[in-house]
1. Name every residue in the stretch 356-373 that is part of a loop (DSSP other than H, G, I, E, B) and under 22 Å from residue 423 (Cβ atoms), in order of residue number.
2. Residues that are over 21 Å from the mean Cα position of the chain (by Cα) and more than 22 Å from residue 379 (Cβ to Cβ): list the helices (runs of 4 or more DSSP H) wholly contained in the stretch 1-117 that include at least 3 such residues.
3. Those residues that are at pLDDT below 90 and either touching a strand residue (DSSP E or B) at 6+ places or on another chain (Cβ under 9 Å) or in a helix (DSSP H, G or I) (or both), I need them from the stretch 255-284; list them, please.
4. Please tell me if residue 323 is touching a helix residue (DSSP H, G or I) at 6+ places or on another chain (Cβ under 8 Å) and either over 30 Å from residue 437 (Cβ atoms) or at pLDDT 95 or above (or both).
5. Which one is nearest to the chain's Cα centre (by Cα) among residues in the stretch 340-357 that are near the ligand (Cβ under 9 Å from one of its atoms) and surrounded by 24 or more Cβ atoms within 10 Å (Cβ to Cβ)?
6. Give the stretch 222-254 a look and list any residue that's modelled with pLDDT under 85 and surrounded by fewer than 16 Cβ atoms within 10 Å (Cβ to Cβ), or say none.
7. Given the options 382, 393, 406, name the one that is modelled with pLDDT of 95 or more and within 27 Å of residue 267 (Cβ to Cβ).
8. Condition test on residue 305, is it at pLDDT 95 or above and within 16 Å of the ligand (Cβ to nearest atom)?
Ligand code: UDP
């Protein structure tokens, strides 16, 4: 029966990079008239510095032990599955009893079992893909005909592959789970991706919501006909793009708290001059690598805002201090966390040195900020390829024989992106273009806005 006021239940893996786009999706769904319950762990919820207070958004939490200091072990994915599925079943039944039945369960990556759970409880489900469509296509091809070839060449540094509808990809452009040291058939993340794709193929009317926008990946979105993708991105707190301050625009969530002095510091800097350096919520570098980055930044002579996350246990020891700490603090600002979209949309921003996690990449694209890429694992190499060669709004840092990026390389890339040369001018021009196109997609009547509305209408009709 059609329910004119749909109620979505969203579940993600409890990591910052998964929660942020899903919370943004929740806000968008509410914006087009739906209610949303967001299920997450007590630990993840309690570490959200700013829990968005949006009418129509409720949180439902469950314990994975982390709030009591239990560290996630190697089997965390299966522990999470057991705890979350028990909780979701109860939640779905309780919502029905309260007269607020769940109209659709939206689950993000690493949670393929949620589709089966939804089916067993007779409710529709939809998958939220939080990486580019290109990466979903690559996984599709890997599991459908190209796996043997990719595996047989995975340690050949000169290997490159042509996949239908995608740019030519070299080994370093492929997701790390398919090549190199992360390549392992037993990899639980890879197994989950395979399951996700199988479900999408089995479903008669598959619904995969993708955090990208039409103009960004027109070919990749159509490359695999079987994957009927619904494009709803960029899933970012877009209020910042219109110059609203943080109080007007509750950000997706911040798994870490901190001071906001950096905004004042940014306000004191001229337009397009600041280098923002941040490598997401997971990646960590060796002390030696950090020293090289530090020297490169110092020698560039440019002001920089550098996010250096505290260790998981919050411990700080003397050895963590960089040798040139005092000079760094004179020329730039070192912080442990920031509201990244607010920083990226600040007029003083000139360039983002990033690990190219998909959220960071799409936030930078939508903010019109060119990038210097230092990819580490997962989809980051593919995102880098797109940024550098397809969207042409960034460069990739080259590592030396010891797999290190030197200070000279940092300096070279900063000059390339921010300097007066032709290449830099072109990258900056392209960055501005992506910002305009991202806004177009999101505005009322824009492609992503329309797609989301249609999706909600279909749920109302009971798809
Ligand atoms: N982030 C933030 N402040 C920081 C660093 C990161 O708000 O100081 C956010 C960032 O805006 C993004 C997310 O954390 O939404 C990181 O996701 P991404 O996919 O870029 O990388 P991951 O953390 O998953 O490696």
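The values are calculated or read from the model by the stated rules, or taken from the named source; none is laboratory data. In this text, all values refer to a predicted model and were calculated from it rather than measured experimentally. We place every Cβ from the backbone using ideal geometry, glycine too, and count neighbours over all the protein chains shown.
1. Initially, the stretch 356-373 is screened for residues part of a loop (DSSP other than H, G, I, E, B), giving 356-357, 368-370.
Passing the criteria: 356, 368, 369, 370.
2. On the way: elements: 16-31, 42-46, 76-97.
In the stretch 1-117, 76-97 are the helices (runs of 4 or more DSSP H) which contain 3 or more residues that are over 21 Å from the mean Cα position of the chain (by Cα) and more than 22 Å from residue 379 (Cβ to Cβ).
3. If we filter the stretch 255-284 for residues that are at pLDDT below 90, which is where we start, we get 255-260.
Residues satisfying the conditions are 258, 259.
4. In short, yes.
5. Taking the stretch 340-357 as the starting set, the residues that turn out to be near the ligand (Cβ under 9 Å from one of its atoms) are 340-344, 354-357.
Narrowing further to those that are surrounded by 24 or more Cβ atoms within 10 Å (Cβ to Cβ): 340-341, 343-344, 354, 356-357.
Details: 340: 12, 341: 12, 343: 16, 344: 15, 354: 12, 356: 9, 357: 5 Å.
By that ranking, first place goes to 357.
6. Taking the stretch 222-254 and keeping what is modelled with pLDDT under 85, we get 228, 238-254.
The answer is 228, 242, 243, 244, 245, 247, 248.
7. On the way: 382 fails: within 27 Å of residue 267 (Cβ to Cβ); 406 fails: within 27 Å of residue 267 (Cβ to Cβ).
From the options 382, 393, 406, the qualifying one is 393.
8. So residue 305 passes the test.
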